[in-house]
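The values are calculated or read from the model by the stated rules, or taken from the named source; none is laboratory data. Since the structure is predicted, the reported quantities are computational estimates derived from the model, not experimental observations. Cβ sites come from the backbone with ideal geometry, for glycine too, and all protein chains shown count toward neighbours. Accessible surface areas use protein heavy atoms only, side chains included; no ligands, DNA or RNA. Shrake-Rupley method; radii C 1.70, N 1.55, O 1.52, S 1.80 Å.
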Amino acid sequence: MLKILKYSFYDLMRSRWSYVYFLFYLLLGTVLLFLNNDLSKAIITLMNVIIVLVPLIGTIFGVMYYYNSKEFTELLLAQPLKRNSIFLGQYLGVSLSLTMSLVLGIGIPFILYGIFKSDSIWNFSLLLITGAFLTFIFTALAFNISLSNENKIKGFGYAVLLWLFLAIIYDGIFLMSLVLFEDYPLDKLSLFGTMLNPIDLSRTLILLKLDISALLGYTGAVFKKFFGTSFGLIISLLMLFIWILIPTLRIMYKSKKKDF
């Protein structure tokens with residue numbers, strides 16, 4: 001698996017799209033720091049971009065890599081290699097390359113600006129951690145979609161639909177539910193609903209760590225009471241890890257059952 005991981009990683013690191021992804025975040029971080037003297041404001045702006053863009057890029061890259069390397073994958077399957085090793089190696093290679101582009105692209109301008117001497121270092125670290133989690137989550141979901149659909153057009157369509165649902169549609173349904181049932185106690189429901197969406201969970205974690213939960217009203221107070229504690233942070237990170245674990249286990253299961 002390590003050899004396949006290395007091959008996938010180096011193959012993607014030589015790709016021009018990885019450089020474009022890296023340069024985009026490098027330029028974005030530089031511009032934000034140039035326009036904002038306040039690191040917290042720059043982190044909030046970055047959060048709004050990362051929460052939406054990272055899942056989209058992870059999904060598209062995962063699907064694109066699977067379909068483009070399909071012939072090479074079939075060649076590997078003809079060798080005495082475990083199927084789990086092949087697909088897990090490819091998945092980890094894609095995820096690690098995207099994560100490295102993200103961390104380096106954002107990290108370099110902030111390090112040069114002096115983030116280590118600022119009180120915002122922990123908020124910035126949480127931003128990078130959630131970005132890495134989202135990359136691994138949506139790349140795993142992309143591989144699941146690709147393994148379940150031989151047709152490339154269907155695979156891309158389902159991948160974009162999944163991102164659209166979790167990034168936009170889910171929030172609309174969730175907010176409508178809260179409005180319709182506002183007469184009932186919805187504290188636990190709102191917490192549970194947030195954990196069911198990795199994008200919402202990541203956004204909530206960063207917002208609360210930036211101490212702007214007061215802008216969220218009563219719901220923000222409820223979230224602050226749970227997510228603002230060390231226990232809440234551990235549970236949230238554990239839920240993000242579960243969001244990685246379940247799709248990864250399905251990749252292993254699907255690769256064993258799939259007829260190539």
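For this structure, a couple of remarks:
- In Å, descending, principal axis extents of the Cα set of region 21-92: 57, 18, 15
- Solvent-accessible ranking of Lys41, Lys254, Lys188, largest area first, probe 1.4 Å: Lys188, Lys41, Lys254
- A 1.4 Å probe, protein heavy atoms only, puts the accessible area of Arg250 near 100 Å².
- Recomputing mean projected area of the Cα convex hull in nm² from the coordinates shown identifies the correct label among (1) 23.3; (2) 15.1; (3) 16.8 as (2).
- Residue-by-residue Karplus 3J(HN,Hα) for region 143-155, coefficients 6.51, -1.76, 1.60, Hz, glycine and proline x: 5, 4, 4, 5, 5, 8, 9, 6, 6, 5, 5, 4, x
- Mean Cβ neighbour count within 10 Å, used as a protection proxy, ranking 51-61, 131-141, 109-119 highest first: 131-141, 51-61, 109-119
- Residue with peak Gaussian network fluctuation, the chain [Cα springs, cutoff 10 Å], from Ala142, Ala42, Ala78: Ala78
- Cut-off under 5 Å, modelled amide H: who pairs with Ser120 long-range: none
- At q = 0.10, 0.21 Å⁻¹ the log10 of I(q)/I(0) for region 1-135 amounts to -0.38, -1.16, computed by Debye summation with a single uniform scatterer per C-alpha, solvent ignored.
- Sequence-ordered 3J(HN,Hα) estimates for region 102-110 from the Karplus curve with 6.51, -1.76 and 1.60 and θ = phi - 60° stand at 5, 5, 5, x, 7, x, 4, x, 6 Hz, glycine and proline given as x.
- Between Met47, Val20, Thr30, the Cα set farthest toward the positive side of the dipole of region 1-83 (charges on each charged residue's Cβ, about the Cα centre) is that of Val20.
- Listed values for region 35-42 are Karplus-derived 3J(HN,Hα) couplings in whole Hz (6.51 cos²θ - 1.76 cosθ + 1.60, θ = phi - 60°), namely 8, 10, 7, 9, 5, 4, 5, 5, and x replaces Gly and Pro.
- 0 to 90° range, to nearest 10: angle between helix 198-209 axis and the chain longest Cα axis: 40
- Exposure of Tyr253 as accessible area (Å², to 10), given a probe of 1.4 Å and all protein chains: 140
- When Leu240, Leu164 are compared by accessible surface with a 1.4 Å probe, the order from highest to lowest is Leu164, Leu240.
- With a 1.4 Å probe rolled over the protein heavy atoms of all chains, the accessible area of Phe124, Phe24 falls in the order Phe24, Phe124, largest first.
- What the chain shows is 53 Å² of accessible area per residue, with the surface traced by a 1.4 Å probe over protein heavy atoms.
- Pairs beyond 22 Å (Cα-Cα), from Lys6/Lys152; Lys41/Lys188; Lys3/Lys70; Lys70/Lys154: Lys6/Lys152; Lys41/Lys188
- Listed residues Ser18, Ser85, Ser177, most fluctuating in the chain (Gaussian network, C-alpha, under 10 Å): Ser177
- The chain: relative contact order as a whole-number percent, Cα under 8 Å and 6+ apart: 28
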